[in-house]
Ligand SMILES: [Zn+2]
């Protein structure tokens, strides 16, 4: 991760195929398959080296990254944005958890309804994650890439296919292209159906190899046909919760 983040700072697109995953680990405790919080260590490293002053961490694992949130809860130097399934392990990640002190408004939790699929994810990433991230204008992007959102995942509650994953990933790549000369590092979080995991990671790598990221509607063309009520409610709640911090 540390070598990768240095590459990302120089504009490289990196995928860190690490195990175990990291986002549940706190500063002093391993949790939920995670021993060391590698995305948080990478973010803190570049901040400590003054190689970056603003780090965006996007976390699309279906579980909330409680460790990453906790570690950066009081700082504006890291914007943590998470889409996850609420009411499952580890139990954190409500939208009301927005950060404290200097970090107020810099934790953005976007709980997705169980069963959310390609359309829901494509809409939330294009219409919520993207505008907030562009306003933050990070120096580098770290993505906690959890493939347990895949519909075949044995621990999963979501209904996402490779198309939805491409929509999410292309949004992250677009943010990096706009803000950091393309620099981004994906870090492998969950994903427990090995075939689905392999196909999903392969789809991400193909996106990373393309010269410019395609918009989410390229992968999920039906995304604007009818906005699902769960996404409408989420967007309304985001506007109410974050209107004083972000323009939406
Ligand atoms: Zn997970």
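The values are calculated or read from the model by the stated rules, or taken from the named source; none is laboratory data. Note that the coordinates shown come from a computational prediction; the quantities given were computed from them, not determined experimentally. Cβ coordinates were reconstructed from backbone atoms using ideal geometry, including for glycine residues, and neighbour counts include every protein chain displayed.
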### Query
Does residue 143 qualify as being assigned to a strand (DSSP E or B), modelled with pLDDT of 95 or more and within 30 Å of residue 50 (Cα to Cα)?
yes
### Task
Taking the residues in segment 189-207 that are surrounded by fewer than 23 Cβ atoms within 10 Å (Cβ to Cβ) and outside any helix (DSSP H, G or I) as candidates, determine which candidate is farthest from the ligand (Cβ to nearest atom).
193
### Task
Scan segment 99-132 residue by residue and report those that are in a loop (DSSP other than H, G, I, E, B) and either buried (at least 18 other Cβ atoms within 10 Å of the Cβ) or at positive phi (or both).
99, 105, 106, 112, 115, 116
### Query
Counting only residues that are within 16 Å of the ligand (Cβ to nearest atom), assigned to a helix (DSSP H, G or I) and over 13 Å from residue 61 (Cα atoms), how many does segment 146-163 have?
0
### Query
Quick one: in segment 33-63, which of the residues that are part of a loop (DSSP other than H, G, I, E, B) and within 15 Å of the ligand (Cβ to nearest atom) is surrounded by the fewest Cβ atoms within 10 Å (Cβ to Cβ)?
35
### Task
Answer yes if at least one residue in segment 86-94 is touching a strand residue (DSSP E or B) at 6+ places or on another chain (Cβ under 8 Å), assigned to a strand (DSSP E or B), on the phi < 0 side of the Ramachandran plot and more than 15 Å from the ligand (Cβ to nearest atom), and no otherwise.
no
